[in-house]
1. If you take the residues of segment 92-109 that are closer than 20 Å to L186 by Cα and among the aliphatic types (A, V, I, L, M), which of them is surrounded by the fewest Cβ atoms within 10 Å (Cβ to Cβ)?
2. Report whether or not E201 is over 30 Å from T124 (Cα atoms), at pLDDT 95 or above and in the same structural domain as A120 (by TED's automatic domain parsing).
3. Give just the number: which of (1) part of a helix (DSSP H, G or I); (2) modelled with pLDDT under 95; (3) more than 30 Å from A120 (Cβ to Cβ); (4) of a type outside the set (S, T, N, Q) does P241 not satisfy?
4. Is at least one residue of segment 71-81 surrounded by 11 or more Cβ atoms within 10 Å (Cβ to Cβ) and not aliphatic (A, V, I, L, M)?
5. More than 30 Å from L213 (Cβ to Cβ), surrounded by 13 or more Cβ atoms within 10 Å (Cβ to Cβ), of a type in the set (G, A, S) and at pLDDT 90 or above: which single residue out of A120, A156 fits that description?
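The values are calculated or read from the model by the stated rules, or taken from the named source; none is laboratory data. Given the structure is predicted, the values throughout are model-derived calculations rather than measurements. Using ideal geometry, Cβ is built from the backbone for each residue, glycine included, and neighbour counts are taken over all protein chains shown.
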Amino acid sequence: MKILLIVALLVAPAAQAAFRCKDEKGITHIGDTPPAACANVVMYEVTPSGTILRKIDPTPTGDQLRAKLEEEMRAKEAAKVAAEQRRKDLALLSTYSSEKDIDTSRDLNLKPIEGRIASAQARTAAVDKRVKELEAEMEFYKAGKSSKAAGKTREAPAQLTADLERTTNEKAALAKSIADYQKEMLQVRERYDTDKKRWVELKQLHREGKLDLRDPKEVEASKRVAPAKQPARKYNLYLVPAN
């Protein structure tokens, strides 16, 4: 019987619990069962004395669920971008020790491209000279074809026509290659300019004590201050003489 009485006493407060909330207009609603007006707001299960037993969040609507999912996706993408930026910053700081190092690396990467441009320009000069020779030879046949003397016109040889077309196409291809190389050089310069600017920013942040390239999880963990250790309790020891 005593056990049944204790169980009844423990269950009694929960049985007398009520549900309470404030609706969108700030009006408080209380009921033995969840009030209908509490459907879209936070609700609390409370004891008669007002003690909160639990918090009951409203069931999210379809729009709310979609909004939450979109927010989680944005947060995930932002974390991904931040992690990638952190990786690049660490690589940048570990690769270069000064702005001069960045300039030296840039020049080393530009040199092969400059060599390809010079080679393409030299070949262009030779091809351009050959195109002019072929065009002059073609003009000879064109002039003869326009002659009024009957039966004296001569067609340009097929080989000459093919050679002129081939060299003309090669000249155009070389011009495109040079333009592509120049574009590549511009991209390299822009990339190194961006790296140098970021490197300077990171160094300035470091001087100001604002640079923290730790993993975000480590930063978050460091914010959780461990509870101070409680001093060891001291006990007085009394010796009681035996009777």
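1. Filtering segment 92-109 for residues that are closer than 20 Å to L186 by Cα and among the aliphatic types (A, V, I, L, M), the one surrounded by the fewest Cβ atoms within 10 Å (Cβ to Cβ) comes out as L108.
2. Answer is yes for this residue.
3. So P241 meets the others, but not (1).
4. Scanning segment 71-81 turns up no residue that is surrounded by 11 or more Cβ atoms within 10 Å (Cβ to Cβ) and not aliphatic (A, V, I, L, M).
5. Only one candidate passes the filter, namely A120.
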